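**Q** Starting off with a structure, shown below.
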Amino acid sequence: MAKKAAFFNPFYRVCSRVSGFKLSMRKLTALLAACAFVFLAGCSGGTAASHTTFVMDTFFTQTYYGDPGLAGEGDKIVSDIENKMSRTREGSDIYNLNESGIYEVSEETLYVLKTALDIAAETRGAFNPALAPLIELWGIGEEGTDAPPRQSEIEALLPLTDYRDADVWEGGTVVLPPGAGLDLGGIAKGYALDRVAENLRAKGVISALIDLGGSIAVIGKKPDGTAYRIGVRDPMGSASEYIATVELADAFTSTSGIYERYFIADDGVRYHHILDSATGRPAERGLFSCMIVSDQGILSDAYSTALFVMGAEAGLHYAEKNGIDALFVTEDKKIMMTDGFAEKYSFELTADDYEVI
Ligand code: AMP
Ligand code: MG
């Protein structure tokens, strides 16, 4: 049985309770934005500031030991990135590019896009930032989506989703074929965490845990000298239930899973939000989730999406070959990890119905 999270983050319980109300989540944004700092007295290393907002369509919680004002800087960093890279936000670089097919994007968007295209090439499209037409068609995570699109509609859009057709000119102008579109949803949160962690470190913070949707940045260790413990989420449970824990210090981790955004159709089939470029449908490789640990958030995020699409077998092979630390949770309740993952991070299985193989 899965356990309930009772560690690292005082706000985690609040957030998970709120996120249980799936459809009304947006309406709770304002409420959560009003969440003020919580000061945790009694920790040997001083006072922890914890601050939660709703940004990039998810909860953003910063828990750290340092100046409480720094959380506002973190909020601004993430919302600026959202304003540049969101597919749906009017006026963003990606919105403008998708609308007009040719657009000079900001330096920051260019960096994330180039990284995305490199990883797309490396993973042969398992990570694909050009899936916007299909992501729009599926509408997963949008209110009111309750049925999959017709196969003919999927097939009509598939030819428009080849990442190799995105042309990046020197100077930052990007050109797309008619009907094509980009979506950086699989990589932008990890990048945002890189920037937030960089800012906190520059301001002298040596202990923090920053959580943005499926990605987490860990700075240092807890003030008592122990590593931060991250829960491997129970794929079938609520956001606060976990099946294992991993200890991390100075690392970024991202998990791509079937539970992040999905809908259940009338026939009971569950459709999640990570699409396989080969089929244009949610990736079906027998996985519940894929977790990556890296020294960069942008990489942990992109690879968690890519290796989820590959599945455990091909994903493990790819990760071992490329020195990526990866952990997979399969639908038949098996947990597999790369040698590097097992060697570097202290892992503890806490659910007796799962097995490490
Ligand atoms: P993540 O939760 O990081 O795995 O990212 C999933 C999000 O990335 C989705 O909600 C889409 O916006 C986008 N996405 C879906 N499938 C892919 C894919 N195969 N490659 C890259 N991005 C994807
Ligand atoms: Mg990702």
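The values are calculated or read from the model by the stated rules, or taken from the named source; none is laboratory data. What you see is a predicted model; the values in this text were computed from it and never measured. Cβ sites come from the backbone with ideal geometry, for glycine too, and all protein chains shown count toward neighbours. Please note that ligands, DNA and RNA were not included when accessible areas were found on the heavy atoms of the full protein model with its side chains. Shrake-Rupley method; radii C 1.70, N 1.55, O 1.52, S 1.80 Å.
**Q** Only one of Gly190, Gly125, Gly185 is touching a Gly at 6+ places or on another chain (Cβ under 7 Å), among the small types (Gly, Ala, Ser) and at pLDDT 95 or above. Can you tell me which?
**A** Gly190
**Q** To continue, here is another question. Name the residues in the range 128-144 that are modelled with pLDDT under 90 and under 16 Å from the mean Cα position of the chain (by Cα), would you?
**A** Ile140, Gly141
**Q** A further question follows. Please work out which residue is nearest to ligand 1 (Cβ to nearest atom), limiting yourself to the range 145-192 and to residues that are in a loop (DSSP other than H, G, I, E, B) and open to solvent by 70 Å² or more (accessible area, probe 1.4 Å).
**A** In this case the residue turns out to be Asp146.
**Q** Wholly within the range 257-357, which helices (runs of 4 or more DSSP H) include no fewer than the required count, namely at least 3 residues that are more than 16 Å from ligand 2 (Cβ to nearest atom) and touching a Ser or Thr at 6+ places or on another chain (Cβ under 8 Å)?
**A** Result: 312-322.
**Q** How many residues, within the range 233-247, are surrounded by fewer than 22 Cβ atoms within 10 Å (Cβ to Cβ) and touching a Lys or Arg at 6+ places or on another chain (Cβ under 8 Å)?
**A** Number satisfying all stated conditions: 4.
**Q** Could you grab me the full set of residues in the range 57-87 that are assigned to a loop (DSSP other than H, G, I, E, B) and at pLDDT 95 or above?
**A** Across the range 57-87, the qualifying residues are Ser86, Arg87.
**Q** Give me a count of the residues in the range 290-311 that are farther than 14 Å from Thr123 by Cα and open to solvent by 10 Å² or more (accessible area, probe 1.4 Å).
**A** 3
**Q** OK, next. From the residues in the range 123-136 that are part of a helix (DSSP H, G or I) and in contact (Cβ under 8 Å) with a residue 60 or more places away in the chain, which one is nearest to Met85 (Cα to Cα)?
**A** Result: Ile135.
**Q** Test of understanding: among Val232, Val205, which residue is of a type in the set (Val, Ile, Thr) and closer than 20 Å to Thr350 by Cα?
**A** Val232
**Q** Name the single residue that is nearest to Asn98 (Cα to Cα) among those in the range 149-180 being free of Cβ contacts under 8 Å to residues at least 24 places away in the same chain and either aliphatic (A, V, I, L, M) or touching a Phe, Trp or Tyr at 6+ places or on another chain (Cβ under 8 Å) (or both).
**A** Result: Ala156.
**Q** Related question: Could you grab me the full set of residues in the range 127-139 that are closer than 16 Å to Leu184 by Cβ and either of a type outside the set (Asp, Glu) or open to solvent by less than 10 Å² (accessible area, probe 1.4 Å) (or both)?
**A** Phe127, Asn128, Pro129, Ala130, Leu131, Ala132, Pro133, Leu134, Ile135 - these are the residues of the range 127-139 that are closer than 16 Å to Leu184 by Cβ and either of a type outside the set (Asp, Glu) or open to solvent by less than 10 Å² (accessible area, probe 1.4 Å) (or both).
**Q** Note down all Cβ pairs under 9 Å where the first residue falls in the range 84-99 and is under 12 Å from Glu136 (Cβ atoms) and in contact (Cβ under 8 Å) with a residue 12 or more places away in the chain, the second is assigned to a helix (DSSP H, G or I) and open to solvent by 60 Å² or more (accessible area, probe 1.4 Å), and they're at least six residues apart or on different chains.
**A** Arg87/Glu136
**Q** Related question: Would you pick out the residues in the range 223-244 that are within 16 Å of Thr330 (Cα to Cα) and part of a loop (DSSP other than H, G, I, E, B)?
**A** If the condition is that a residue be within 16 Å of Thr330 (Cα to Cα) and part of a loop (DSSP other than H, G, I, E, B), then Asp234, Pro235, Met236, Gly237 are the ones that fit.
**Q** Further question on the same structure: Out of Ile206, Ile210, Ile230, Ile219, I need the residue that is closer than 21 Å to Glu82 by Cβ and either among the hydrophobic types (A, V, I, L, M, F, W, C) or crowded, with 20+ Cβ neighbours inside 10 Å (or both). Which one?
**A** The unique qualifying residue is Ile210.
**Q** Restricting to the range 85-102, name every residue that is surrounded by fewer than 16 Cβ atoms within 10 Å (Cβ to Cβ) and either of a type in the set (A, V, I, L, M, F, W, C) or within 15 Å of Trp169 (Cα to Cα) (or both).
**A** Gly101, Ile102
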